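The values are calculated or read from the model by the stated rules, or taken from the named source; none is laboratory data. Please read all numbers here as calculations on a predicted model, not as lab measurements. For neighbour counting, all protein chains shown are included, and Cβ atoms are generated from backbone atoms with ideal geometry for every residue, glycine included.
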Amino acid sequence: MENSKEAKKNNSLKLFVPAFIFSFLLFWGINFLQKTLEKFFFDYISQPYKEIHYIAIPQELKKTKPEIDARAVISFEVGKNGGSRILFKKNAEQPFPIASITKLMTALVVFENDGEKSYDMDKRMVVSKLAASQEDIPIFGNLKSGENFSVEEFLNFMLVYSSNDAAWALSEKEGTGKFIERMNEKTKELGVINTGFINPTGIDPDPLKYSPENVESFNYSTAKDLALISRYILEKYPSVFEITAKESLYSVPNGIKEVELKEGQKLIGGKTGYTDEAGGCMLLIVGKENGSKVVNVVLGASSSESRVEEIQKIINWL
């Protein structure tokens, strides 16, 4: 009887031990699986949040680019260390007539002419009959034959008041034909291959009407080429743009000073132009708080008034 009871006890113990081990393993397995699944789903759910949280939205996507009503536009930033980038462009590599923006190249040739016919800023020159007869002359740039001015004064008449008389007079020092050759040689040196000049003023050849097929019959360039020329002038001859930005006795209508700058922006300089064939043109350079400069070019706006309106859109967008 006692043997029977002992046998039953041993049998119960034999069943209990495997059951206990099985239960322990089952409990541990369920617990491990639960933790593993929790970690999996937590990581899965959290991952998109991490990605979204750390993605920086590019600055250019935060603003809607402006709609510019002109043939061509560029906004070209030049860093204080010399690097550059295009911020905005429209038809920036297509050539168009550029009117009096021509005079920036005229000034550049004057500053770089270090040969036998070099320009001494204090040297006085007499206004010829041909120079005095140029068309489209503003009030403060209408020079008379026989008057004499220093090279510096001619540059002021040309860059501040856009005097065609002054531009022509400067070109006569070595002969206007040779001077225009130098203008075109300089474009090749700078690698601005879609730019060319037929005169030092920007006046259209009368009575020719502009078309894309005859653009080379005008003083022509692209918005991008003008930005590159301006970058070179900024680096080598910043006084050219300093002249354009200084205070003047006569306020030029629809000029660079009518553009309203934002806080933190500074006027560096620029040049305007208008002819019937070129339309309203403006090149405006503004400085930023970080030390960079932005060259903004509008070519072929519908009028001299609208060139201000269109470039204002770019300034507001910067």
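What the table shows:
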quantity: Number of positions in segment 229-244 that are more than 21 Å from Gly196 (Cβ to Cβ) and either buried (at least 21 other Cβ atoms within 10 Å of the Cβ) or modelled with pLDDT under 95 (or both); calculated: 2
quantity: Criterion (over 23 Å from Ser211 (Cα atoms) and either in contact (Cβ under 8 Å) with a residue 24 or more places away in the chain or loosely packed, with under 14 Cβ neighbours inside 10 Å (or both)) met by exactly one of Leu318, Leu283; calculated: Leu318
quantity: Any hit, segment 189-197, residues being more than 24 Å from the chain's Cα centre (by Cα) and part of a helix (DSSP H, G or I); calculated: no
quantity: Those residues of segment 259-295 which are of a type in the set (S, T, N, Q), more than 22 Å from Ala72 (Cβ to Cβ) and in contact with a strand residue (DSSP E or B) (Cβ under 6 Å, 6 or more places away or on another chain), in sequence order; calculated: Gln265, Ser292
quantity: Some residue of segment 219-228 being modelled with pLDDT of 95 or more and farther than 17 Å from Val295 by Cβ; calculated: yes
quantity: Matching residues in segment 98-142 - criterion: being over 16 Å from Asn164 (Cα atoms) and either in contact with a Ser or Thr (Cβ under 7 Å, 6 or more places away or on another chain) or modelled with pLDDT under 90 (or both); calculated: Asn113, Asp114, Gly115, Glu116, Lys117, Ser118, Met121, Asp122, Lys123, Arg124
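Quick grid of which residues meet (1) in a loop (DSSP other than H, G, I, E, B); (2) in the same structural domain as Ile74 (by TED's automatic domain parsing); (3) under 21 Å from Val73 (Cα atoms):
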site	(1), (2), (3)
Phe179	no, yes, no
Leu208	yes, yes, no
Leu228	no, yes, yes
Val240	no, yes, no
